[in-house]
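Working notes for the structure below.
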Amino acid sequence: MADLGAIADTLYAQLPARFIAERGAAAKRAKADGDREASAEIARLGKPSVSAWAVNMLARHRADHIASFLELGETLRSAQDDLDATALRQLTAQRRKVVEQLADQAEALGAELGQKVGPSARDEIEQTLLAALADEDAGAAVRSGRLIRAISSTGFDAVDLAGAVALGDAPPAPRARRTKGGGARVDDLDAARRKRDDERAEAERRELEQRRAEATRARDDAAAALAEAKTARDAARAERDDLLDQQSDLQRRLDEVADALEAQEEKLEDLVAARAAAADALAKAERALTDLDR
């Protein structure tokens with residue numbers, strides 16, 4: 001019988017764009033070998049989403065990083081069970097940093113292998129990694145390298161893994177975490193979680209109020225700046241209109257002076273002509289007197 005696990009590993013190492021063709025070819029080979037059951041199983045293998053493929057690539061090409069990451073998940077879950085607030089704060093900050101680093105690696109692997117990882121796929125990668133930290137079974141699903149779709153965690157219920165892992169068994173029923181002290185310990189844990197959620201909601205409310213106050217101040221500042229700008233604009237318009245009026249007056253005066261100048265120039269030309277005529281007449285009279293004296 002065909003080794004379905006090895007075949008699945010090979011298929012889920014392919015780029016999503018090649019998955020359908022490679023799956024069909026593998027199913028045909030199994031059928032040609034007379035293994036119709038394996039052929040049918042292979043044909044039912046789901047094509048991975050881009051985010052699931054990227055997480056699978058982390059499991060294959062960054063296995064040591066994934067192993068360390070899942071160890072962090074075990075430590076986080078232990079701190080939650082022990083109600084260790086200090087450790088939880090430190091581990092939560094570390095969780096966000098490590099998730100972002102692994103998501104960066106997933107994007108880089110996608111580019112290296114020829115598959116673009118867009119913003120929505122990046123978000124799903126981070127959600128899947130967070131789920132792997134919160135839930136042991138989700139961590140095993142990530143480690144398998146056979147994810148079909150992204151997974152997510154609410155932080156309380158078991159992660160829904162139905163149809164999320166190729167060749168995976170149905171996920172086990174949600175199980176209660178037991179610690180020394182029995183039901184009272186569980187009640188304490190629930191109370192601590194409620195308190196943590198209340199504190200988180202209160203912190204978010206304070207942050208939103210601060211943002212609202214900052215936005216109100218920014219709006220008021222913008223309104224004041226707008227009013228100042230409008231005042232300056234109106235003053236500039238008034239100055240422009242005044243200058244235009246002055247320009248009109250100056251243009252009229254310029255036209256009047258130009259007309260007067262033209263008239264004076266014509267008069268001057270007439271006077272020059274009259275003087276020339278008088279000079280000619282004088283010259284003629286002097287010649288006539290000279291002729292008489294002879």
Fill in the blank from the handout: Note on the stretch 141-154: residues under 17 Å from residue 69 (Cα atoms) and assigned to a loop (DSSP other than H, G, I, E, B) are 145, 151, 152, 153
Fill in the blank from the handout: Scanning the stretch 27-62 for residues that are assigned to a loop (DSSP other than H, G, I, E, B), charged (D, E, K, R) and open to solvent by less than 80 Å² (accessible area, probe 1.4 Å) gives 35, 62
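Do you know which residues across the stretch 12-22 are assigned to a helix (DSSP H, G or I) and either free of Cβ contacts under 8 Å to residues at least 40 places away in the same chain or open to solvent by 50 Å² or more (accessible area, probe 1.4 Å) (or both)? Talk me through it step by step, then tell me what you get.
At the first step, the residues of the stretch 12-22 found to be assigned to a helix (DSSP H, G or I) are 16-22.
Correct list: 17, 18, 19, 20, 21, 22.
Return yes or no: is residue 134 touching a Ser or Thr at 6+ places or on another chain (Cβ under 8 Å) and either of a type in the set (S, T, N, Q) or without any contact (Cβ under 8 Å) to a residue 60 or more places away in the chain (or both)? Steps first, please.
On the way: touching a Ser or Thr at 6+ places or on another chain (Cβ under 8 Å): yes; either of a type in the set (S, T, N, Q) or without any contact (Cβ under 8 Å) to a residue 60 or more places away in the chain (or both): no.
Spelling it out, it is not the case that residue 134 is touching a Ser or Thr at 6+ places or on another chain (Cβ under 8 Å) and either of a type in the set (S, T, N, Q) or without any contact (Cβ under 8 Å) to a residue 60 or more places away in the chain (or both).
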Completion exercise
Only one of 23, 18, 36, 44 is over 20 Å from residue 124 (Cα atoms) and within 30 Å of the chain's Cα centre (by Cα), namely 18
Handout entry: Scope the stretch 222-240; condition at pLDDT 75 or above and open to solvent by 70 Å² or more (accessible area, probe 1.4 Å); matching residues
Key = 226, 228, 230, 233, 234, 237, 239, 240
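The values are calculated or read from the model by the stated rules, or taken from the named source; none is laboratory data. Bear in mind that the values here come from a model prediction, so they are computed numbers and not experimental data. So basically every Cβ, Gly included, is an ideal-geometry build from the backbone, and we count neighbours across all protein chains shown. Note: areas computed on protein heavy atoms with side chains; ligands, DNA, RNA excluded. Shrake-Rupley method; radii C 1.70, N 1.55, O 1.52, S 1.80 Å.
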